[in-house]
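Read-outs: derived from the displayed coordinates by stated rules, not from any lab. Only a predicted model underlies this, so the values are computations on that prediction, with no experimental measurement involved. Note that each Cβ is placed from the backbone with ideal geometry, even for glycine, and that neighbours are counted across all protein chains shown.
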Amino acid sequence: MFQHVEAYAGDPILSLNEAFGKDPRTDKINLSIGIYFDDAGKIPMLPSVRAAELQVVAEAGARPYLPMEGAANFRTAVQHLLFGAEHPAVKAGRVVTIQTVGSSGGLKVGGDFIKRYFPTSTMLISDPTWDNHRAVFEGCGLPTQIYPYYDPATGSLRFDAMLAALKQAEKKSIVLLHACCHNPTGVDLTRAQWEQLVPVLQERELIPFLDLAYQGYGDGITEDAFAVRLLGDVGLSFFVANSFSKSMSLYGERCGALSVVCPDAAQAVNVLGQMKANIRRNYSNPPLHGGQIVARVLTDPELRPMWEAEVAAMRERIQTMRHKLHDVLSAKLPGKDFSYFLTQRGMFSYTGLTADQCDRLKEQFGVYLVRSGRMCVAGLNTSNVEATASAVAAVLA
Ligand code: KET
């Protein structure tokens with residue numbers, strides 16, 4: 001019956017992470033998947049999140065279905081987190097926010113909506129981007145096309161080429177933009193560049209789709225929402241998928257949201273309605289537990305500042321590891337420039353290591369990087385950073 005079902009080639013990130021799990025070597029180092037590990041090499045349970053969960057569990061009673069669009073307290077808390085409670089678009093009822101199964105779910109639900117209401121639009125994605133962007137949007141039936149983004153020669157943004165490409169894009173194309181901590185390059189637009197991008201988006205009637213998966217890992221929780229607020233301020237209509245996987249270390253709870261900023265409140269009502277219809281056809285409604293933890297952390301006057309401090313500590317620990325790796329590698333290979341470890345932001349550094357070099361790192365040293373050369377620097381710690389530097393130096397030498 002299923003002879004025509006071909007073998008799955010695997011996912012470049014998730015399958016590598018599974019391979020890491022099966023690797024029997026005790027000194028192996030996981031710098032593959034975008035997960036923050038603490039200095040002991042563990043996925044942290046943030047104290048604010050733990051406290052919120054205990055409260056939620058203590059209060060939990062019956063488990064009804066959530067509405068298709070998710071829990072009202074979660075949705076409001078997310079809007080306030082992204083836009084600020086006082087943002088005019090929020091106040092005017094122009095922002096639709098739905099609770100989704102991770103931000104991946106938000107990308108998928110948004111992609112389905114775009115396919116239905118902008119059937120001839122193309123999805124423009126950065127070169128390079130998170131591998132799954134292409135897979136998710138093509139899975140929605142949307143063609144994808146790349147726009148210039150990263151320059152491997154200089155390790156920086158090809159901003160002029162990016163703008164030039166977007167100026168040529170078909171009207172009503174969807175432009176996928178990483179709101180902060182670009183995956184995989186760690187190279188972001190500056191605030192001035194975001195501001196320069198706005199008129200291009202407006203003139204070409206492009207529809208931005210922001211992916212905010214690493215909020216708090218760049219400059220700060222509010223600072224990393226800069227692009228979201230800017231596009232809202234200038235009156236654009238756009239999508240934003242955001243995640244609590246990384247910012248609350250809640251990967252397996254699948255907590256995310258999709259927000260759509262609409263031109264007016266009446267259109268927002270219909271957009272929400274069609275999102276609900278799509279969710280009903282897909283998985284009916286989202287799960288209850290994780291979203292309630294998130295809502296509690298975001299709205300509790302004691303837990304919220306605790307969480308913000310915990311996010312700051314994760315961000316700062318990554319910075320410390322970036323410096324350590326940079327210093328050890330620079331000492332080992334004095335002729336080479338490793339400053340990109342210091343300038344790139346968020347969980348990842350794009351090392352320029354080739355797929356062969358990554359294979360060698362894995363096979364010979366048990367150091368796992370995605371084969372694009374992406375290193376999750378959030379997997380470094382005081383016990384493995386020297387070994388990582390030695391292994392990288394060995395394959396580069
Ligand atoms: N967007 C981006 C840019 C992203 O890197 C991830 C996850 C997601 C969305 C999905 O997050 P969610 O948990 O659905 O809210 N990235 C890491 C894990 C993965 O590939 O699934 C990664 O790049 O390693």
Send over the Kirkwood Rh of the chain, from the inverse of the averaged 1/r over different Cα pairs, rounded to one decimal Å.
21.9
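Based on the Cα atoms of region 318-375, what semi-axes does the equivalent ellipsoid have, where each is the square root of 5 times one gyration tensor eigenvalue, given in whole Å with the largest first? Before the final figure, lay out the partial values.
On the way: eigenvalues 71, 38, 22 Å².
Those come to 19, 14, 10 Å.
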For region 1-68 and region 249-308, distance of Cα centres in Å
20
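Could you size up the charge dipole of the chain around its Cα centre, putting +1 on the beta carbon of Lys and Arg and -1 on that of Asp and Glu, and report it in debye to the nearest 20? Walk me through the numbers on the way to the answer.
Values: 38 positive and 40 negative charges, 123 e Å.
It works out to roughly 580 debye.
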Place a point 7 Å from Cα of Lys42 in the direction of its Cβ. Which residues in region 365-383 have their backbone N less than 19 Å from it?
378-383
What translational diffusion coefficient, to the nearest whole µm²/s, does region 288-344 have by Stokes-Einstein, given a Kirkwood radius computed over alpha-carbon pairs, a temperature of 20 °C and 1.002 mPa s viscosity?
155
Furthest towards positive pole of dipole, Tyr350, Ile33, Ala58, structure part the chain, Cβ charges:
Ala58
Of the DSSP H helices in the chain, the ones reaching 27 Å or more along their long axis in Cα terms and averaging at least -1.0 in Kyte-Doolittle hydropathy are 303-332
Using the Kirkwood radius over Cα pairs, work out the Stokes-Einstein diffusion coefficient for region 258-396 at 4 °C and 1.567 mPa s, in µm²/s as a whole number.
69
Could you sort 84-91, 329-336 so that the peptide with the highest average Cβ count within 10 Å comes first and the rest follow in order?
84-91, 329-336
For an R0 of 56 angstrom, estimate the FRET efficiency from the Cβ-Cβ distance between Val234 and Val57 and round to the nearest 0.05.
0.85
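So what's region 127-273 giving for Rg/Rh, alpha carbon basis, Kirkwood Rh from the mean inverse pair distance?
Working: Rg = 15.2 Å, Rh = 16.1 Å.
With Rh from the inverse mean 1/r over Cα pairs, Rg/Rh is 0.94.
May I ask you to work out the translational diffusion coefficient for region 90-202 at 37 °C, viscosity 0.692 mPa s, via Stokes-Einstein with Rh from the Kirkwood sum over Cα pairs, reported in whole µm²/s?
Working: Rh = 15.2 Å.
In µm²/s, the coefficient rounds to 217.
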Least to most buried among Val395, Val260, Val109 (fewest other Cβ within 10 Å first):
Val395, Val260, Val109
Relative counts (whole %) of C-alpha pair distances in region 193-278, using bins that are 10 Å wide:
15, 42, 33, 10, 0
Most fluctuating residue given options Gly186, Gly61, Gly346, as computed from a GNM of the chain linking Cα atoms under 10 Å:
Gly61
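Can you put Leu201, Leu206, Leu31 in order of Cβ neighbours within 10 angstrom, beginning with the fewest? Provide the component values of the computation, followed by the final result.
Working: Leu201 19, Leu206 23, Leu31 26.
Fewest-to-most Cβ neighbours within 10 Å comes out as Leu201, Leu206, Leu31.
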What does the convex hull of the alpha-carbon atoms of region 117-158 project to on average, in nm²?
3.2
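Provide Lys22, Lys42, Lys28 in ascending order of the number of other Cβ atoms located within 10 Å of each residue's Cβ, fewest first.
Details: Lys22 6, Lys42 9, Lys28 15.
Ranked by crowding around the Cβ, least crowded first: Lys22, Lys42, Lys28.
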Among Asn282, Asn30, Asn73: highest mean-square fluctuation, GNM of the chain, C-alpha pairs under 10 Å
Asn282
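Starting with the highest mean, order 387-393, 119-125, 99-105 by the number of other Cβ atoms within 10 Å, averaged over the residues of each peptide.
On the way: 387-393: 19.7, 119-125: 17.9, 99-105: 24.0.
Output ranking for 387-393, 119-125, 99-105: 99-105, 387-393, 119-125.
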Counting residues in region 189-228 as N, plug N into 2.2 N^0.38 Å and put the Cα Rg over that result.
1.27
